[in-house]
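Asker: Take this structure, written in structure tokens, and hold onto it; I'll ask about it next.
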């Protein structure tokens with residue numbers, strides 16, 4: 001039997017007009033610091049975004065969303081990407097009132113973290 005990893009994950013949301021609190025799910029971030037895994041999977045549905053806010057700056061939002069992947073990979077993510085995995089996850093999932101937000105972290109068990117990330121992405125974003 002494969003080892004079960006306790007992980008945390010959060011859904012990445014785009015809230016184009018914060019005052020209206022409407023959002024679309026645009027990605028998932030998953031972390032298991034004990035095993036050394038952190039990953040993010042992002043896909044912005046531009047049609048849904050523009051339905052919520054026809055004047056949304058799609059390119060700027062995409063650029064900012066890509067920072068989640070950069071920080072998780074440790075490549076070109078600035079000082080935050082240099083932090084340990086748990087600190088990166090905490091920074092990425094900190095409560096904020098901005099266009100890009102995350103859900104509160106949730107936990108689960110998995111024997112294959114990469115597959116779990118993909119499954120969570122399919123269930124919550126696609």
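Every number in this text was worked out from the coordinates using simple rules, so none of it is lab data. Bear in mind that the values here come from a model prediction, so they are computed numbers and not experimental data. Note that we place each Cβ from the backbone using ideal geometry, even for glycine, and neighbour counts take in every protein chain shown.
Asker: Which of 22, 59, 46 moves most in a GNM of the chain, Cα contacts under 10 Å?
Answerer: It is 59.
Asker: Against the longest principal axis of the chain, how steep is helix 113-124, in degrees 0 to 90 to the nearest 10, with axes from Cα atoms?
Answerer: Approximately 30 degrees, to the nearest 10.
Asker: Give me 90, 104, 13 ranked fewest to most by other Cβ atoms within 10 Å of their Cβ, as a rough exposure proxy.
Answerer: 104, 90, 13
Asker: Take the chain, connect every pair of alpha-carbon atoms lying under 10 Å apart with a spring to form a Gaussian network, then pick out the residue of 39, 78, 27 with the largest mean-square fluctuation.
Answerer: 78
Asker: What ranking of 69, 19 emerges when the number of other C-beta atoms within 10 Å of each C-beta is taken as an exposure proxy, fewest first?
Answerer: In increasing order of surrounding Cβ atoms, one gets 19, 69.
Asker: To the nearest 10 degrees, how steep is helix 58-73 against the longest Cα principal axis of the chain, on a 0 to 90 scale?
Answerer: The two axes meet at around 10 degrees.
Asker: A further question follows. Rounded to the nearest 0.05, what FRET efficiency do residue 35 and residue 70 give with R0 = 25 Å and r taken as the Cβ-Cβ distance? Could you check?
Answerer: The formula returns an efficiency of 0.75 here.
Asker: Another question, if that's okay. From the helices alone, meaning DSSP H stretches of at least four residues, give me the mean residue ellipticity at 222 nm for the chain, per-run term -39500 (n - 2.57), in deg cm²/dmol to the nearest 500.
Answerer: It lands at -10500 deg cm²/dmol.
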